[in-house]
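Heads up: the structure comes next, in structure tokens.
The values are calculated or read from the model by the stated rules, or taken from the named source; none is laboratory data. Predicted model only: the values in this text are computed from it and were never measured. Reconstructed Cβ throughout: ideal geometry from the backbone, glycine too, with neighbour counts over all protein chains shown. Ligands, DNA and RNA are excluded from the accessible area calculation, which covers all protein heavy atoms including side chains. Shrake-Rupley method; radii C 1.70, N 1.55, O 1.52, S 1.80 Å.
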Amino acid sequence: MTITQTYPKPRPFDVSEYYAMAAAGILREDEHLELLDGVIFLKYAAGPRLFDVSEYYAMAAAGILRPDERMELLRGKIFAMSPIGSKHMSSVDEFVFLLTTQLGRRARVRAQGPIRLDNGSEPEPDIAILRWRDDRYAYAHPTPSDVLLIVEVGDTSADFDREEKLPLYAGAGVREVWLANLPSQAVEVYTDPLYGEYSARRVFGAGDVLTPAAFPDVRIPVSQILMV
């Protein structure tokens with residue numbers, strides 16, 4: 001069966017949300033903006049109006065972005081993410097189980113939580129292995145220096161993860177990223193970030209075993225997490 005790849009689009013805004021952003025002070029009168037087909041444009045800059053992390057959270061506080069929406073802030077754009085399919089979630093669950101049982105208290109395993117890469121990007125990877133902290137990151141989201149491994153599981157969004165999110169992770173200095181590509185039944189491992197991209201790429205299939213660079217004793221069978 002052929003899986004159609006989904007390329008998430010920026011989250012559209014309606015007129016009431018547009019005015020709510022102005023009322024909340026997120027949009028200023030001197031910015032010269034206009035709303036066209038759900039996208040807020042800068043009139044004289046020939047491009048969309050980008051948002052920073054503080055504005056992203058201000059939209060949530062103002063009720064413009066709802067808690068039940070799945071979104072990510074990437075390069076100043078707010079993307080509406082696709083619903084999570086059962087195979088996708090099953091793979092994420094298995095990753096979490098295998099990682100937590102083997103890592104114990106050596107690291108924290110976080111599923112689908114925010115990572116603050118910079119002021120314009122806060123993705124929510126499927127899984128992140130973080131440096132152990134006793135405060136459990138209760139007072140601030142993790143930043144790239146906290147991240148030991150990121151795992152993205154791609155069912156219908158592998159192309160988006162590869163083309164949009166991987167360069168962000170590399171540019172932020174995240175040392176290792178795994179892209180579990182469910183349709184191709186393989187895991188792509190990216191390491192050695194250099195100049196905004198990963199200089200090393202390896203592909204693992206059924207019968208192979210994955211090992212995080214930060215924890216050489218941890219073993220993740222590809223067949224187990226991809227159900228092949």
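Of all residues in the stretch 159-208, those satisfying the criterion of being closer than 23 Å to Arg219 by Cα and touching a residue at least 60 places away in the same chain (Cβ under 8 Å) are Ala180, Leu182, Pro183. Out of Ala206, Ala186, one residue alone is in contact with a strand residue (DSSP E or B) (Cβ under 9 Å, 6 or more places away or on another chain) and modelled with pLDDT under 95. It is Ala206.
Within the stretch 130-188, the set of residues being of a type in the set (Asp, Glu) and within 20 Å of Arg106 (Cα to Cα) comprises Asp134, Asp135, Asp146, Glu176.
Restricting Gly104, Gly76, Gly85, Gly25 to those that are at positive phi, within 20 Å of the chain's Cα centre (by Cα) and open to solvent by less than 60 Å² (accessible area, probe 1.4 Å) reduces the list to Gly76.
So that you can scan it fast, the table gives a plain yes or no per residue for (1) under 28 Å from Arg11 (Cα atoms); (2) open to solvent by less than 40 Å² (accessible area, probe 1.4 Å); (3) in contact (Cβ under 8 Å) with a residue 60 or more places away in the chain:
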position: Arg66; (1), (2), (3): yes, no, no
position: Ala111; (1), (2), (3): yes, no, no
position: Ile115; (1), (2), (3): yes, yes, no
position: Pro123; (1), (2), (3): yes, yes, no
position: Val147; (1), (2), (3): yes, yes, no
position: Asp155; (1), (2), (3): yes, yes, yes
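Among residues that are open to solvent by less than 20 Å² (accessible area, probe 1.4 Å), modelled with pLDDT of 95 or more, of a type in the set (Phe, Trp, Tyr) and more than 17 Å from the chain's Cα centre (by Cα), Tyr137 is included.
Please verify whether the stretch 122-145 includes one or more residues that are more than 24 Å from Ser223 (Cβ to Cβ) and part of a helix (DSSP H, G or I).
yes
Scanning the stretch 169-183 for residues that are open to solvent by 20 Å² or more (accessible area, probe 1.4 Å) and either at pLDDT 95 or above or closer than 8 Å to Glu152 by Cβ (or both) returns Gly171, Ala172, Gly173, Arg175. Selection over the stretch 188-228 of residues that are touching a Ser or Thr at 6+ places or on another chain (Cβ under 9 Å), among the hydrophobic types (A, V, I, L, M, F, W, C) and part of a strand (DSSP E or B) gives a count of 3.
Contact map, the stretch 21-33: residues that are under 15 Å from Glu55 (Cα atoms) paired with residues that are open to solvent by less than 90 Å² (accessible area, probe 1.4 Å) and part of a loop (DSSP other than H, G, I, E, B), Cβ distance under 6 Å, separation 6+ or inter-chain. Pairs shown: Met21/Leu27; Ala24/Ala62. Of everything in the stretch 184-228 that is out of contact with any Lys or Arg (no Cβ under 8 Å at 6 or more places or on another chain) and under 18 Å from Phe160 (Cβ atoms), the residue that is most open to solvent (accessible area, probe 1.4 Å) is Arg201.
Residues in the stretch 166-187 that are in a strand (DSSP E or B) and of a type outside the set (D, E, K, R): Val177, Trp178, Leu179, Ala180, Asn181, Ala186, Val187.
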